[in-house]
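Remarks on the structure that follows.
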Amino acid sequence: MDNLSTFLQQSITFFAILDPIGISAIALSILSPNITKTQINKVAYKSTLTIIIAFFVVLITGDMILKLFGIDENSLKVMGGIILILMAISMVNGPTTKADDSLDEKNNEELSVIPLGIPIAFGTGLFTTIVIFKHQAQTAFDLFSISMAFSLNALVFYLILRNSIYIKKYLGLTGQNIITKLMGLIVGAIAVQFIVGGIVNLSKVYLSA
């Protein structure tokens, strides 16, 4: 039961930070307004592949970077929480990116990696969250749980981005923005948990020293 609840918590956290519905609205705003279904499929594939590769790179090397710079896990929690707070505020305020009518198919595919894959979809918020989750992992199963939680969200991200044209048609930009604002509130709540947990643990370390 604990493993299931942890997996669900990780999945919901990744979903809220990744915000695939909000990303689909941003994607349509930065890609060509005349983009076809075939082109959006290619963009969805490349963007999803980008975030999956980035996930495993961070999962494998993230803690090495922390050790290299001597960064404490709890310090990362506080800083990661602040980053997520800023991200949540941005999500609540809504996107400001404008569409460019001059984009062609080649530019659309280039944008699918940077900036759509990194840093719009996979940014500092996901980076810090993955590293924090890895530090909390105690067994190989915990690492498997993190990987599965992210892989599930990557699949959802791919399906939503692939069908973003239809989602825009049925939800409209207003509906997509409302969902992004709701995800922003969830991300903000997660951020507060990270900050409070990090400060409490740091306080214990420094007060006992």
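The values are calculated or read from the model by the stated rules, or taken from the named source; none is laboratory data. Everything numeric in this text was worked out from a predicted model, so none of it was measured. When we count neighbours, we look across all protein chains shown, and the Cβ atoms used for this are built from the backbone with ideal geometry, even at glycine. Only protein heavy atoms, including side chains, enter the accessible area calculation; ligands, DNA and RNA are left aside. Shrake-Rupley method; radii C 1.70, N 1.55, O 1.52, S 1.80 Å.
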For helices (runs of 4 or more DSSP H) lying entirely in segment 1-88, having 1 or more residues that are touching a Gly at 6+ places or on another chain (Cβ under 9 Å) and closer than 20 Å to residue 192 by Cα picks out 2-18
Candidate set: segment 9-38, residues that are surrounded by fewer than 18 Cβ atoms within 10 Å (Cβ to Cβ) and modelled with pLDDT of 85 or more; chosen: the one farthest from residue 140 (Cα to Cα): 36
Can you name the residue in segment 82-135 that is among the β-branched types (Val, Ile, Thr), exposed (fewer than 14 other Cβ atoms within 10 Å of the Cβ) and farther than 21 Å from residue 156 by Cα and, of all such residues, is modelled with the highest pLDDT? 89
Confirm whether residue 155 is at pLDDT 85 or above, surrounded by 21 or more Cβ atoms within 10 Å (Cβ to Cβ) and at negative phi. no
Hey, does segment 137-152 have a residue that's open to solvent by less than 30 Å² (accessible area, probe 1.4 Å), modelled with pLDDT under 95 and not in a loop (DSSP other than H, G, I, E, B)? no
Filtering segment 50-89 down to residues that are touching a residue at least 40 places away in the same chain (Cβ under 8 Å), within 28 Å of residue 164 (Cβ to Cβ) and aliphatic (A, V, I, L, M) yields 51, 52, 54, 58, 59, 83, 84, 85, 87, 88, 89
Tell me, which residue of segment 21-72 that is more than 14 Å from residue 127 (Cβ to Cβ) and among the charged types (D, E, K, R) is nearest to the chain's Cα centre (by Cα)? 46
Find all pairs meeting these conditions: Cβ atoms under 8 angstrom apart; at least six residues apart or on different chains; first residue within segment 162-176 and open to solvent by less than 90 Å² (accessible area, probe 1.4 Å); second residue outside any helix (DSSP H, G or I) and of a type outside the set (Ser, Thr, Tyr). 165/35
